[in-house]
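What follows is a single structure, written as structure tokens, with notes after it.
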Amino acid sequence: MSEITPERVAYLAQLARIALTPDEIETLTGELGAIVDAVATVQQVATPDVPATSHPIPLTGGMRPDVPGVTLTTEQALAGAPDHDGSRFRVTAILGEEQ
Amino acid sequence: MARAELMDFDTALELFEPVLGFEVHVELSTKTKMFSDAPNPAFSANEVTDANTAITPVCLGLPGSLPVVNEQAVRYSISLGLALGCQIAPMSRFARKNYFYPDLAKNYQISQYDEPIAFEGTLEVELEDGTLVQVPIERAHMEEDAGKLTHVGGSTGRIQGAESSLVDYNRAGVPLVEIVTKPIVGAEHRAPELARAYVSTIRDIVRALGISEARMERGNLRCDANVSLRPRGEQKLGIRTETKNVNSLRSVERAVRYEIQRQAAILAKGGTITQETRHWHEDTGTTSPGRPKSDADDYRYFPEPDLLPVVPSPALIDELRDALPEPPAARRRRLKEEWGFTDLEFRDVVNSGLLVEVADTVAAGASPQQARKWWTGEIARIANAQDAEPGSLISASDVAAVVELVESGALTDRLARQVVEGVIAGEGTPAEVVAARGLQVVSDDGALIAAVDAALAEQPDVLEKIRDGKVQAAGAVIGAVMKAMGGKADAARVRELVLERAQA
């Protein structure tokens, strides 16, 4: 049975900074619940001798050498910014602090 | 809390047992960033100065950009893990730490969560009097640094009252290793000292490994200090605070001491400690509340889908283990013995943070005592006056060259100080400064004898005294000769000549 409750959906929405209406929370509770239940059926197949993986293929590596490449110009970097001071992005003052 | 309200440190220690924990962030000095080939500002040769110039689409989290792990950063991280006595994970993984703050453009930081690259270590830390403390290391994991925010519109540049914030993403993506200790118990009244010694040891290690420039004032090495108190006899850990923004060794020590005294004052009155981050203020020597922090902070960690697991080969780990430098405490013991320093002399060097400089100067050919004398004396004095690090003012090889000039008799100590001054002022190498300023000692006996004869002739009474055997009277004549030579004479040789000519 799904662990997805309306409270949990509301909590996740708050963590993700998504404003949801009560109707949307109700709809998503059902939809997310169905997804989680579907994934849970896989757990029935998994036995203790099968290690958990986060990827279907055991790929590793894929690193790059420590060699500098091409950088953006400041103009390019700021091109998509809603606001800037010519060299830095300007954002609304955020209450809170770095994590 | 005003300092007057704090509990006296010794009383606090009588009532409570302090428990420490540290999170130290080390910026690696790779040429490029952790997941992007943008130049790494924490590698000073990259000379990154202007805002938003060392960035690629990966640093900005632009759509379609993908992170790729910097192999060198992984090697550095493994070396650091090994130096901390950690086990290296045969497979470790990156994870996304999701949070909303504009210091990272992606709304998440790539870090490591339940599969760090290094875990379960022990670091031997030496206190000032030589006491060794084993600090248990929980883990060391790889992650990326965040960008730099400047708050504008507020009265003090701090976030309170700010109207907007300006963001420079140059630092976003700089490779970091975060070293987390287990709770450290048993430090007792030496807890503040241990805090300083621990961070200092990490700094020595990363410098010896050559994996970070480790300049605390530049943020290459940052320490968050966790402090909690528990009543004597209590087993359960107390509620802790995490003090951030501690950017010098001295501050680490002061911040821990302050938190012990502050928490003790609250607990003794029956109050409770709020679990929170606190900010250290260098000017007032106090901490102030930051953000409430609970163990249940929900960052919705999940495995980073854009990156493959890191699987270092056993051969690589062996190679890096074999290349590890001597551990700092062992190195100090060896150097002290080799140099023949007294405890006091050696402690003076270590506590001034000049061990590397003195060692390099000895390696460049100077005698240990001379190297110590110059670094902890004249150079430290100038550095202090200029509010700079001694090592940034003059190179070890230049100091060794000055020592060589003094020992060969080409310079007196007084002239040598002028040469050091000139080198620090950017006038060139010691030899160039000597030439440009004309500081060579007058070793031509002819010129010295003429000056001695003239001085003796001017002071016939002194001449009489010397002839009567009152050798100490020669001082007046030696002084006159040194003055006449503009200080460019070897006083010992002048004395010899004065006594010789007086009898002539």
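Key figures
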{"item": "Unmet criterion (only one of (1) modelled with pLDDT of 85 or more; (2) of a type outside the set (S, T, Y); (3) under 30 Å from B:T30 (Cβ atoms)) for A:P58", "result": "(1)"}
{"item": "Residues that are over 22 Å from B:G219 (Cβ atoms) and either modelled with pLDDT of 90 or more or in a strand (DSSP E or B) (or both), drawn from the range B:138-171", "result": "B:E138, B:S164"}
{"item": "Elements of type helices (runs of 4 or more DSSP H) in the range B:350-390, at least 3 residues being among the hydrophobic types (A, V, I, L, M, F, W, C)", "result": "B:355-363, B:380-386"}
{"item": "Some residue of the range B:6-25 being more than 13 Å from chain A (Cβ to nearest Cβ), within 29 Å of the chain's Cα centre (by Cα), closer than 20 Å to B:A172 by Cα and surrounded by 20 or more Cβ atoms within 10 Å (Cβ to Cβ)", "result": "yes"}
{"item": "Residue count, the range A:59-74 (criterion: more than 7 Å from every other protein chain (Cβ to nearest Cβ) and surrounded by fewer than 11 Cβ atoms within 10 Å (Cβ to Cβ))", "result": "1"}
{"item": "Residue within the range A:48-62 that is of a type in the set (S, T, N, Q) and more than 24 Å from B:Y108 (Cα to Cα) present", "result": "no"}
{"item": "Enumeration of residues in the range B:466-504 that are without any contact (Cβ under 8 Å) to a residue 12 or more places away in the chain and either of a type in the set (K, R) or in a loop (DSSP other than H, G, I, E, B) (or both)", "result": "B:D468, B:G469, B:K470, B:K483, B:G486, B:A504"}
{"item": "Unique match (being within 12 Å of chain A (Cβ to nearest Cβ), more than 15 Å from B:A172 (Cβ to Cβ) and hydrophobic (A, V, I, L, M, F, W, C)) among B:V74, B:V58", "result": "B:V74"}
{"item": "Of all residues making up the range B:406-437, the number that are over 16 Å from B:M482 (Cβ atoms) and of a type outside the set (V, I, T)", "result": "15"}
{"item": "Filter result (more than 16 Å from the chain's Cα centre (by Cα), under 29 Å from B:Y101 (Cα atoms), in contact (Cβ under 8 Å) with a residue 24 or more places away in the chain and in a helix (DSSP H, G or I)) within the range A:1-35", "result": "A:T29"}
{"item": "Residue in the range B:189-221 that is surrounded by the most Cβ atoms within 10 Å (Cβ to Cβ), counting only those that are over 30 Å from B:L15 (Cα atoms) and small (G, A, S)", "result": "B:S212"}
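The values are calculated or read from the model by the stated rules, or taken from the named source; none is laboratory data. Just so you know, these numbers come straight off a predicted model, no measurement behind them. Neighbour counts are summed over all protein chains in view; Cβ atoms, including those assigned to glycine, are modelled from backbone coordinates with ideal geometry.
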